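Shown next, in structure tokens, is the structure this report addresses.
Quick note: the coordinates plus some simple rules give every number you see, no bench work behind them. Quantities reported herein were computed from a predicted structural model and do not represent experimental measurements. A quick note on method: Cβ atoms are made from the backbone with ideal geometry, for glycine too, and the neighbour counts reach across all protein chains shown.
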């Protein structure tokens, strides 16, 4: 059973309309955006469940797509 992200409840990215900020689970090779989560712990649990090749990154996600820009620093 996967953990639900509830992405629509995440904070809006002030720099990109229609995008939200959060912790994403991705696979780098081949690239795959899995989902975005409100906190790092939930994202890490999902990444661990999915196994090798998956990682967690903080960044911005365009809702309704698999577009993700990682590498940002979480706001305090």
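Just give me the residues in segment 46-76 being under 8 Å from the mean Cα position of the chain (by Cα) and farther than 17 Å from residue 11 by Cα, in sequence order.
Of segment 46-76, the ones under 8 Å from the mean Cα position of the chain (by Cα) are 56-61, 68.
Across segment 46-76, the qualifying residue is only 56.
Which members of segment 35-45 meet the condition of being surrounded by 13 or more Cβ atoms within 10 Å (Cβ to Cβ) and within 12 Å of the chain's Cα centre (by Cα)? Talk me through it step by step, then tell me what you get.
Of the residues in segment 35-45, the ones surrounded by 13 or more Cβ atoms within 10 Å (Cβ to Cβ) are 35-38, 40, 42-45.
Scanning segment 35-45 gives 35, 36, 37, 38, 40, 42, 43, 44.
Listed here are the residues, each with its yes/no results for (1) assigned to a loop (DSSP other than H, G, I, E, B); (2) surrounded by 12 or more Cβ atoms within 10 Å (Cβ to Cβ).
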{"position": "8", "(1), (2)": "no, no"}
{"position": "16", "(1), (2)": "yes, yes"}
{"position": "20", "(1), (2)": "no, yes"}
{"position": "33", "(1), (2)": "no, yes"}
{"position": "47", "(1), (2)": "no, yes"}
{"position": "60", "(1), (2)": "no, yes"}
